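Peer 1: Just passing along the structure, written as structure tokens.
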Amino acid sequence: MTGLIFHLIPHTHWDREWYLPHAVLQARLVAMMDDLIDRLERDPGYRSFLLDGQTVLVEDYLRVRPERAGKIRALVETGRIQLGPWYVLADELIPSGEALVRNLLAGAADAERWGGRSDVLYSPDAFGHPAVWPDLAREFGIKHGVVWRGLDGAAGTERDLYRWRGPGGREVLLWHLSSAGYEIGADLPADAARLPEMWVRVRDALASRAATAHVPVFIGADHHAAHPDIARLRDLLAELEPAHAFRVSRLDEFFQALEDGAGGTSARPLSGEQRASNRRTWALQGVHGTRAPLKRRNSTVELWLERFAEPLAALARRAGGRDRQPLLAFAWRTLLRCQFHDTIAGSVSDEVAESAAQRLASAEALAREMVRGSVHDLVRHDPDAAREHSGPRHPALVLWNPAARARSGVTVADLTFFVRDVLVGPPSGRLARTGEGEQPFALGIPGGSAIPVQVLSRGVSEERLDAARHYPDQDEVLRVRVAFRAPSTPGLGLTALTLRAREPLASDGGAMARGRSLANHWVEVGIESGGALSLHDRLTGQRFTELLRLEDEADAGDTYTYAPAARSRRVRASGPVAVRAVAKGPLVAALEARWELRLPSGRIGARLVVTLHADSPLVRCVLEVDNQAYHHRLRARLATGLTGIPVVAGTAFGAVTRAPVMFAAADYPLETPVRTAPAHRFVAAARGQRGLALLAPGFFEYEWTRRGDLLFTVLRAVGQLSRPDLPTRPGHAGWPTATPGAQCLGPTRVELVLAPVSHADVEDGHVVPALWEDSFVPLRGFWLRDAVDLRPQTTEVALEGPGLVLSAVKPAQAGSPMVLRCYNATGRRVGGIWRFGEGIKSAHRVRADERSSAPLVLEARGRTLRFAAEPHEIVTILVT
């Protein structure tokens, strides 16, 4: 243990909201930053300070102290403050892959504006890390990283340096924090009398796992001000340990020293996701079920931004519409501030969770408004001109296809019909106009045949038509929900349908409801006595029972950790179940079931709506629960009968294969591992022709058992931020705080889809993601009741290639280009093609940070673009 070089790295870890609200911690941040800036300016021995890897802290500080922007810039430019690369330190397993990219894009933009980015992917406190982490780092030109939680700490295997390879083959040199994490040197004093005893413990903990002579010592902790005298601490350590060297370093200087000394050759290989550090530090994987409604709301906003607002904004700008990139960036930052690791994990005070919910609502409202404006641009609809138009209007249903492939088939949309004016303002003698309401109708493409509709529901409501130069027009309307067979619409393309005279709808074939069952050509679904579903795959003959049966168990845990309650027993839904048909076909058939669970701590009301479309094997389910019980975990069990095989779960930019989790609790005294796991969009299991995929709009928690049961977490209801007495995790993981809001009382809505799949479907890479697209980003209708003369633009963009999955279509960060991103979901090299309805001028392959450009060759007058995707590679292309 001689000749080590210890790099002292002063820092702070700043939870911008946690057990205290953001306002309180922002006030403390201002005091910390004021002190830091003054200290750095007067003490040249204080060479640098790591500002926790997230630029949002500077944003928070400058909102209060804007006059200090120049000082921040000077300190960042000279390397005295290390900034970024993240915008916020997100929980990396809960946000979508595209949200992680937007996080790093925002961090890069901030850091460059303020003087330069740290090129170390610093993740000191995330609750685990996805397998794509190294690939993501390299997509931003980052070769080095630091993490704490997630890496297994089995005896004899723990080391501090790894070379972590992502599924796409990219590598990062990774320094792994010790079990004490980023706090290991926080208490080291610049005091010759007290330092020796404290330093020995730190030195031994670090030296025992050192792979090279270079060892970083992180000097800081949660919400800590800068160390008062880092230069004196360095000098005292040098006197105390003359056999070792001591430096005050930046993170990049530490990694450069490693590279210069060929330290990377000593790094151990590492691959895959990192979620299991239970032997060495808390992994806290129980957070994936905490405040589940908040996580579902986050996924909804991600979906609106990624698959609706961004593509439509990019297409609208390409067609000459307004540039919405600044508004998109603002909406993303609003969302990203909700993805700070404690916030999105749900391990926060109720006040913080409520604030996050409000921010999510704001981000969703921004996304919806951008969608509305972009659609208007794409069909040349001017609400002001429509308001001033004296002639007849021609209401239209604009269909948009959010997928990068042509689609048609059964589509559901809402249409409204004018009933009367709703007058707003003081009485003035004005008379309210009245209308005829709905007349029997069909839909159709101008010049084409009529498309008959199935009416699903009718109801009176109010609708407001907005225009930039006029007051809103508030009307009472009849809202009619209809299903119809949409014509083929190209990838990311538009079709406008107008009203026609009623056309009879053929009643034979299609989807049908009968008693307690639904059926179409592909599947038959029944509602069993306890509220569970049975499913018959009519093409393969496979049958499933006991699908989505609700079951509940007491939860004695806290927001970080699930803990089974002593002497409690599982309660399974058993009925009685009331069933009625809400749509009988032939295009859409649906059943509604209602029942109740009685628990020792209260009751849960349940409503399940199950829907089949005539042309699809997808079993669409909406589960609504009214939770009036406390301290419990509610899950839906799906008995697949697929024993002895793993499942494939969606993750950021791909999927991961996971086996059932088996362990002996006695082997883990620090923290019991969890049997649950996080998933994005889907979990699927199959053997031969027998298989089932569970699809959801975004993130969810599940468990896969040895007997082949899949359990979906509907919610965890807990009342404390942290408890010290859990058998699954002795000791407080956070500051004790009551969290009655984390009991998740009241109504909760869950969208799920079941799809029969084969082993080949799961292995194919793009089949299950395509089923997910058809479930949650279907053909989308925008009803323009005030339309006059629409002129839809040509917007076709299509992706071809087996195993390629669309990830993003968005405006570029700068200038007018459009970004197209996909990933290869397979382990083989794939040839891909982008096709365009109108020719493009140029195309360049870039990283996800939209840099490192290489030109690509266009074919067919700019309508065809070929590229190659290596196994599991993320492919980003910039087109103009």
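The values are calculated or read from the model by the stated rules, or taken from the named source; none is laboratory data. Computed from a predicted model, the values in this text were never measured in an experiment. Note that each Cβ is placed from the backbone with ideal geometry, even for glycine, and that neighbours are counted across all protein chains shown. Heads up: the accessible areas ignore ligands, DNA and RNA and are worked out on the full protein's heavy atoms, side chains in. Shrake-Rupley method; radii C 1.70, N 1.55, O 1.52, S 1.80 Å.
Peer 1: Under the 0.36 nm per residue contour assumption, what length would be gained going from the current alpha-carbon distance of ARG861 and ILE445 to full extension?
Peer 2: Here the answer is 146.9 nm.
Peer 1: Does anyone have the angle between helix 195-207 and the longest principal axis of the chain? Alpha-carbon axes, 0 to 90°, nearest 10?
Peer 2: The angle comes out at about 60 degrees.
Peer 1: Right, next: Pairs of Cα atoms under 8 Å, at least six residues apart: use those to get the relative contact order of the chain, whole percent.
Peer 2: It rounds to 13 percent for the chain.
Peer 1: For the chain, give the magnitude of the charge dipole about the Cα centre (Cβ charges: +1 Lys/Arg, -1 Asp/Glu; no others), in debye to the nearest 20.
Peer 2: With only Lys, Arg, Asp and Glu charged at Cβ, the dipole is about 1940 debye.
Peer 1: Something else now. At what distance in nm do the modelled label points of ASP382 and ARG538 sit from each other, each positioned 7 Å from its Cα along Cα→Cβ?
Peer 2: Computed distance between label sites ASP382 and ARG538 equals 5.2 nm.
Peer 1: Further question: For segment 730-745, in order, what is each residue's ³J(HN,Hα) by Karplus, 6.51 cos²θ - 1.76 cosθ + 1.60 with θ = phi - 60°, in whole Hz (x at glycine and Pro)?
Peer 2: Values per residue, Gly and Pro as x: x, x, 6, 8, x, 7, x, 8, 5, 10, x, x, 6, 6, 6, 6 Hz.
Peer 1: For semi-axes √(5λ) of the Cα gyration tensor in Å, which listed value, (i) 48, 33, 27; (ii) 63, 36, 29; (iii) 69, 44, 25, comes from the coordinates shown?
Peer 2: Checked against the structure: label (i).
Peer 1: Defining a contact as two alpha carbons under 8 Å apart and six or more residues distant in sequence, what relative contact order in percent does segment 15-110 show?
Peer 2: Relative contact order comes out at 27 percent.
Peer 1: Can I ask one more? At a 1.4 Å probe, what is the % contribution of carbon and sulfur to the accessible area of the chain?
Peer 2: Roughly 51 percent of what the probe reaches on the chain is carbon or sulfur.
Peer 1: Relative contact order for segment 67-122: what percent, with Cα pairs under 8 Å and sequence separation of 6 or more?
Peer 2: 47 percent
Peer 1: For ARG268 and VAL609, what is the calculated FRET efficiency with R₀ set at 60 Å and r taken between the beta-carbons, to the nearest 0.05?
Peer 2: 0.70
Peer 1: For segment 496-600, how big is the tail of P(r) above 21 Å, as a whole percent of Cα pairs?
Peer 2: When every Cα pair of segment 496-600 is considered, 55 percent fall beyond 21 Å.
Peer 1: Select from ALA506, GLY781, ASN298 the residue farthest towards the positive end of the dipole of the chain; place +1 on Cβ of Lys and Arg, -1 on Cβ of Asp and Glu, and compute about the Cα centre.
Peer 2: Toward the positive end, the furthest listed residue is ALA506.
Peer 1: Let me ask something else. Counting Lys and Arg as +1 and Asp and Glu as -1, each charge on the Cβ, what is the dipole of segment 226-333 about the Cα centre in debye, to the nearest 20?
Peer 2: Computed about the Cα centre, the dipole is about 960 debye.
Peer 1: Quote to one decimal, in nm, the extra length available between ARG433 and ALA329 on full extension: 0.36 nm per residue of separation minus the C-alpha distance between them.
Peer 2: Length gained, ARG433 through ALA329: 33.3 nm.
Peer 1: If you don't mind, there's one more thing I want to ask. Once every Cα of segment 82-207 carries one equal point scatterer and solvent is ignored, give the base-10 log of I(q)/I(0) from the Debye formula at q = 0.09 Å⁻¹, two decimals.
Peer 2: The calculated log intensity ratios at q = 0.09 Å⁻¹ are -0.31.
Peer 1: Quick query: amide H of HIS223 versus all other amide H atoms, modeled in the peptide plane; which residues come in under 5 Å with a sequence gap of 5 or more or a different chain?
Peer 2: For HIS223, whose amide H was placed from the backbone, the distant partners under 5 Å are HIS13, TRP14, ASP15.
Peer 1: Another question about this same structure. Peptides 592-603, 60-71: what's the order by average Cβ count within 10 Å, highest mean first?
Peer 2: Going by the mean number of other Cβ atoms within 10 Å, highest first, we get 592-603, 60-71.
Peer 1: When the label point is put 7 Å from the Cα of GLU354 along its Cα-to-beta-carbon vector, which residues of segment 705-741 have a backbone N closer than 17 Å?
Peer 2: 719-721, 737-741
Peer 1: Which trypsin sites (Lys or Arg not before Pro) in segment 467-521 pass both tests, a DSSP loop state and at most 15 other beta-carbon atoms within 10 Å?
Peer 2: ARG469, ARG502
Peer 1: In what sequence, largest accessible area first, do LYS841, LYS584, LYS810 appear using a 1.4 Å probe?
Peer 2: Sorted descending by solvent-accessible area, the residues read LYS841, LYS584, LYS810.
Peer 1: Using the heavy atoms of the protein chains and a 1.4 angstrom probe, tell me the accessible area per residue for the chain in square angstrom.
Peer 2: Roughly 37 Å² per residue, with all protein chains present.
Peer 1: Output the pairs from LYS71/LYS810; LYS295/LYS810; LYS810/LYS841 with a Cα-Cα distance over 29 Å in this structure; if there are none, say none.
Peer 2: Result: LYS71/LYS810 exceed 29 Å.
Peer 1: Here is a further query. Any idea which of VAL147, LEU121, HIS11 is furthest toward the positive side of the dipole for segment 1-160, if Lys and Arg beta-carbons carry +1 and Asp and Glu beta-carbons -1?
Peer 2: Working it through, the farthest residue towards the positive pole turns out to be HIS11.
Peer 1: Take ASP222 and ARG368, extend 7 Å from each Cα along the Cα→Cβ direction, and tell me the distance between the two endpoints in nm.
Peer 2: So the two model labels end up 3.6 nm from each other.
Peer 1: If the viscosity is 1.306 mPa s and the temperature 10 °C, what translational diffusion coefficient in µm²/s does Stokes-Einstein give for segment 256-410 when Rh comes from Kirkwood over Cα pairs?
Peer 2: Approximately 81 µm²/s, per Stokes-Einstein.
Peer 1: Okay, next question. Nearest 20 debye, what's the magnitude of the dipole of segment 121-220 about its Cα centre given +1 on Lys and Arg Cβ and -1 on Asp and Glu Cβ?
Peer 2: Magnitude of the dipole: close to 320 debye.
Peer 1: Sticking with this one: So what are the radius of gyration and Dmax for the Cα set of segment 171-251, in Å?
Peer 2: Answer for segment 171-251, Rg first and Dmax second: 12.7, 44 Å.
Peer 1: Let me ask you something else. Per-residue HN-Hα couplings for segment 288-294, Karplus 6.51 cos²θ - 1.76 cosθ + 1.60 at θ = phi - 60°, whole Hz, x for Gly and Pro?
Peer 2: For segment 288-294, the Karplus curve yields 5, x, 7, 6, 4, x, 5 Hz.
Peer 1: Further question on the same structure: So, in nm, how far is label ASP34 from label ASP789 when the simple model puts each one 7 Å beyond its Cα toward the Cβ?
Peer 2: Those two pseudo-labels are separated by 6.3 nm.
Peer 1: Can I ask one more? List, in order, the whole-Hz ³J(HN,Hα) value for each residue of segment 511-516 obtained from phi through the Karplus relation with A = 6.51, B = -1.76, C = 1.60 and θ = phi - 60°; use x for Gly and Pro.
Peer 2: Per residue, the Karplus-derived 3J(HN,Hα) values read 9, 8, 10, 8, x, 9 Hz.
Peer 1: Assuming 0.36 nm per residue, please report the length gained on full extension of the stretch GLU197 to SER408 beyond their Cα-Cα distance.
Peer 2: 68.7 nm
Peer 1: For VAL217, which sequence-distant residues (separation of 5 or more, or a different chain) have an amide H within less than 5 Å of its own amide H, given hydrogens modelled in the peptide plane?
Peer 2: HIS7, LEU8, ILE9
Peer 1: May I pose another question? Could you please report the charge total around GLU773, scoring K, R as +1 and D, E as -1 over all other residues with beta-carbon less than 10 angstrom from its beta-carbon?
Peer 2: So the environment of GLU773 carries a net charge of +3.
Peer 1: In the chain, with Lys and Arg counted as +1 and Asp and Glu as -1 at Cβ, which of these residues, VAL348, PRO66, ALA257, has the Cα nearest the positive end of the dipole, that is, farthest along it?
Peer 2: So the residue furthest toward the plus end is VAL348.
Peer 1: What residues qualify as long-range amide H neighbours of LEU50, i.e. H under 5 Å apart, gap of 5 or more or another chain, H built at 1.01 Å from N?
Peer 2: Amide H neighbours of LEU50: HIS11, THR12, GLN82.
Peer 1: Let me ask you something else. Mind giving me the FRET efficiency for SER461 and VAL64? R0 is 51 Å, r the Cβ-Cβ distance, nearest 0.05 is fine.
Peer 2: So the FRET efficiency works out to roughly 0.70.
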